[in-house]
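Colleague: Pasting a structure below so you can have a look.
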Amino acid sequence: MRLRDYLFENDIAAIGGRRSRAAAVAGNQYVIAIVRVVLGAVFIYAALQKIGKPLMFADEIRMYHVLERGPLLYTVAIALPWIELFCGLSLLAGVFLRGTALILAALNAVFLAMITWRTVGVMNAEGTPLMKIYFDCGCGFGATYAWKKLIEDSAFILMAAAIYFSPAFRFTPARRWKG
Amino acid sequence: MNRFKCAILQAAVVAVVGTAAAFIYNTFSGNGINPFRKIVDVPVVEDVKPDEPAEAAPEAIRVIDLQRFAGVVDSGRVVIDARTAADYREGHVPGAILLDYYEFGRHIASVTPYLDFESEIAIYCSGPMCEDSELLAKELFAMGYFRILVYRGGFEGWEEAGMPVERGDRERNHTGSGET
């Protein structure tokens, strides 16, 4: 298998014959396309809020008490917004889709764990009920209720999984490169 | 075709390209930071006594109260506002120089001409809950400015105490023509 096939993997044959499963698959592919646009737009927006502000983003990450000031924290603060940006652009452009879905699922799993950790910390320390915990998670969307963020990140993981497990993709440039 | 293998390869490409772009941008953006720069873990201590020389608390950032801070402001020593430009325009301590901690890389070069290694530099941010003044103090300390004072009350404390407030942008205040 050639490198190009790995990178632009898009086994259009997996979608099935047009006559047999066309309607169901086409419907599914439209849903996947919408998921790609939504997820892509969300991550591009989030990235643009953080790009060029590494100290601010580093501080927001520090609020989770997972990384302290040092090379690892600053490297994450510099690189993560750009990785989010490229993921968003990839989803919209229709390239590297499964890889991008994998990155976004992994990133959101980490975000979910960190927000859960911080939320539980606030609940234990201040006795605040879950529904009233409100903070800026550093995600690029400002302060919000923790429970909303937990639902949001869970939804992003499901959306990324839907992309990853899609049998193939329409609305991508890869079809032209096949053959 | 091995779906997972493809995904890993694609993910690696996106991550590597994204990281490379990030570091290139960080280098040329003007507000970039060196992730491997020396991190100064300098202690932050309460000021020993008012008017005590800096040698009383060597190698430390000293936290000062309102009275001491007002003395620094009156004496004309350098006072740095670590908040955003918008906050600064709305009102700041008279004579304070703007150096937004989050825009440190972009603005430090324009602020250093006002700083003196031998003189005390007082820093404040929004209020008692913000830590930007301390973080900025550590950045300056790493540059060799060892006589740093932090006023934890911040602009909130200053304003609540009924102290004078200056309004206007940075350039006007640098030339001493800020509106009070």
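All of the numbers you see were taken from the coordinates with simple rules; none came from a lab. Bear in mind the structure is a predicted one, so any value in this text is a computation, not a measurement. Backbone-built Cβ (ideal geometry, glycine too); neighbour counts: all protein chains shown.
Colleague: Classify the stretch A:97-179: rounded, prolate or oblate, from the alpha-carbon gyration tensor (a ≥ b ≥ c, eigenvalue square roots; a/c under 1.5 rounded; otherwise prolate if a/b is larger than b/c)? Walk me through the intermediate numbers first.
Modeller: Details: a/c = 3.78, a/b = 3.35, b/c = 1.13.
Since a/c reaches 1.5 and a/b is larger than b/c, the shape of the stretch A:97-179 is classed as prolate.
Colleague: Sticking with this one: For peptide A:57-63, what's the mean number of Cβ atoms from other chains within 10 Å of each residue's Cβ? Don't skip to the end; give the middle numbers.
Modeller: Numbers: counts 1, 4, 5, 0, 0, 2, 0.
Mean partner-chain Cβ count within 10 Å for A:57-63: 2.
Colleague: With θ set to phi - 60° and the Karplus curve 6.51 cos²θ - 1.76 cosθ + 1.60, what are the ³J(HN,Hα) couplings of the stretch B:150-167 in order, to the nearest whole Hz, using x for Gly and Pro?
Modeller: Once θ is set to phi - 60°, the couplings for the stretch B:150-167 become 10, 9, 6, x, x, 5, 4, x, 5, 5, 5, 7, x, 7, x, 10, 10, 10 Hz.
Colleague: What does the average come to when, for each residue of peptide A:70-76, you count the partner chain Cβ atoms lying within 10 Å of its Cβ?
Modeller: Numbers: counts 4, 5, 1, 2, 7, 6, 1.
Mean number of neighbouring Cβ atoms from other chains: 4.
Colleague: Shielding by partners for A:93-101, please: the mean number of other protein chain Cβ atoms within 10 Å of each residue's Cβ.
Modeller: Working: counts 0, 0, 3, 9, 3, 8, 10, 6, 3.
Mean inter-chain Cβ contacts per residue within 10 Å come to 5.
Colleague: Turning to a different aspect of this structure: Please label the shape of the stretch A:19-162 as rounded, prolate or oblate, based on the square roots a ≥ b ≥ c of the eigenvalues of the alpha-carbon gyration tensor (a/c under 1.5 means rounded; beyond that, a/b larger than b/c means prolate, else oblate).
Modeller: oblate
Colleague: Check which residues have an amide H placed less than 5 Å from residue B:80's amide H, if you skip close sequence neighbours.
Modeller: Correct list: B:97, B:122, B:123, B:124.
Colleague: Whole-Hz Karplus ³J(HN,Hα) for the stretch A:87-98, in order, using 6.51 cos²θ - 1.76 cosθ + 1.60 and θ = phi - 60°, x for Gly and Pro?
Modeller: 5, x, 5, 4, 5, 5, 6, x, 10, 6, 5, 5
Colleague: Still on this structure: For residue A:66 paired with residue A:161, estimate the spin-label separation in nm (one decimal), with each label point 7 Å from Cα along the Cα-to-Cβ line.
Modeller: Between residue A:66 and residue A:161, the label points sit 1.9 nm apart.
Colleague: Counting only other residues whose beta carbon sits under 15 Å from that of residue B:37, what net charge do I get with K and R as +1, D and E as -1? Intermediate results must be reported in sequence, preceding the final value.
Modeller: Numbers: positive: A:69, B:38, B:138; negative: A:68, B:41, B:139.
Neighbourhood net charge equals 0.
Colleague: If you build a Gaussian network model of chain B, linking Cα atoms that sit under 10 Å apart, which residue out of B:27, B:19, B:112 swings the most?
Modeller: B:19
Colleague: Give the residues of the stretch A:30-59 whose amide nitrogen is closer than 15 Å to a point set 7 Å from the Cα of residue B:106 in the direction of its Cβ.
Modeller: A:48-57
Colleague: Any idea how far apart residue B:8 and residue B:29 come out in nm if each label point goes 7 Å out from Cα toward Cβ?
Modeller: Taking the simple label geometry, residue B:8 and residue B:29 are separated by 3.2 nm.
Colleague: To test your reading of the geometry: what angle, between 0 and 90 degrees and rounded to tens, separates the Cα axis of helix B:3-28 from the longest principal axis of chain B?
Modeller: 30 degrees
Colleague: How long is the gain from residue B:129 to residue B:167 if the chain were fully straight, where each residue apart is worth 0.36 nm and the alpha carbon distance is subtracted? Spell out each step's value before the answer.
Modeller: Details: separation 38, 0.36 × 38 = 13.68 nm, distance 2.29 nm.
Full-extension gain reported as 11.4 nm.
Colleague: Please give, to one decimal in nm, the separation of the simple spin-label points placed at residue A:28 and residue A:132, each 7 Å out from Cα toward the Cβ.
Modeller: 4.7 nm
Colleague: Here's something else I'd like to know. Per q in 0.08, 0.09, 0.17, 0.18 1/Å, what log10 I(q)/I(0) does a Debye calculation on the alpha-carbon atoms of chain B return?
Modeller: -0.32, -0.39, -1.04, -1.15
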